[in-house]
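Values quoted throughout were computed directly from the atomic coordinates according to the rules given, and no laboratory measurement underlies them. Please read all numbers here as calculations on a predicted model, not as lab measurements. So basically every Cβ, Gly included, is an ideal-geometry build from the backbone, and we count neighbours across all protein chains shown.
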Amino acid sequence: MSRIGKQPITIPAGVTVTSTGTDVAVKGKLGELSRSFQKGITVEVDGGKVIVTRADDSRLLKGCHGLSRTLIKNMIDGVCTGYKKALSIEGTGFKAVLAGKNLSLSLGFASPKDYAIPEGIKITVDPAGVNLTVEGINKELVGEAAARIRSYYPAEPYKGKGIKYVGEQIRRKQGKTVA
């Protein structure tokens, strides 16, 4: 048995989990999420707990057992508290501006980089335009949105300018030395 997959998930108050075959729907105060899982993975809602089991010991189902349990746990946490990633922009003249459903990033290129904000994601920018917060109930979408924004200009190791996660340590390099 998978050590992670065999652990039951407790359902907090105010959250409802419904399971029909391979589909699971989670509803809470922040919204609703649903996901379909691999055939052979069974999700049972028993009282205040969710139990994930697999049909056999095949290599595929062993790999999906713990993953399915973790995905359901992330869905429950998302509809209860939500997820948040904080980004910081460093560099002279580097800033972010929120314009409707687009995020415009001035990163020293000839034209600003525009990022279309996906449905279910909320991005907030501080007044100075150097701190961003990406929020949502789907952990996968929040992480992907933050990674795409960061990919426009990742923090470089010589001067440290670019976009980085708050708390991320950039390993600095010395640069050129004059003989």
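Relative contact order of region 1-50: what whole-number percent is it, with Cα pairs under 8 angstrom and at least 6 residues apart?
35 percent
For the chain, take the longest principal axis of its alpha carbons; what is the angle in degrees between that and the long axis of helix 59-80, to the nearest 10 within 0 to 90?
70 degrees
Between Arg3 and Val45, 0.36 nm times their residue separation minus their Cα-Cα distance comes to what?
Here the answer is 13.2 nm.
Starting from the Cα-Cα distance between Glu144 and Ser106, subtract it from 0.36 nm times their residue separation and give me the gain in nm to one decimal.
11.6 nm
What is the distance in Å between the Cα centres of region 15-37 and region 144-179?
38 Å
Amide H of Leu107: which non-local residues (sequence gap of 5 or more, or other chain) have their own amide H closer than 5 Å, using H built in the peptide plane?
Hits under the 5 Å cutoff: Lys113.
Roughly how many nanometres apart are two label points built 7 Å out from the Cα toward the Cβ at Ala99 and Ala25?
Taking the simple label geometry, Ala99 and Ala25 are separated by 3.9 nm.
Using a Förster radius of 25 Å, what is the FRET efficiency between Thr133 and Ser34 based on their Cβ-Cβ separation? Nearest 0.05, please.
Efficiency computed from Cβ-Cβ geometry: 0.45.
Excluding Ala155 itself, calculate the net charge of residues whose Cβ lies under 11 Å from the Cβ of Ala155, where each Lys or Arg counts +1 and each Asp or Glu counts -1.
Neighbour charge sum, excluding Ala155 itself: +3.
Averaging over all projection directions, find the projected area of the Cα convex hull of region 74-162 and quote it in nm² with one decimal place.
With every direction weighted equally, the projected area is 6.1 nm².
Restricting to DSSP loop positions (anything but H, G, I, E, B) with no more than 15 other Cβ atoms inside 10 Å of their own Cβ, which GluC sites (Glu not before Pro) remain in region 30-130?
Glu119
Calculate, for Lys173 and Ile117, the FRET efficiency according to 1/(1 + (r/R0)^6) with r their C-beta to C-beta distance and R0 41 Å; round to the nearest 0.05.
Calculated transfer efficiency: 0.75.
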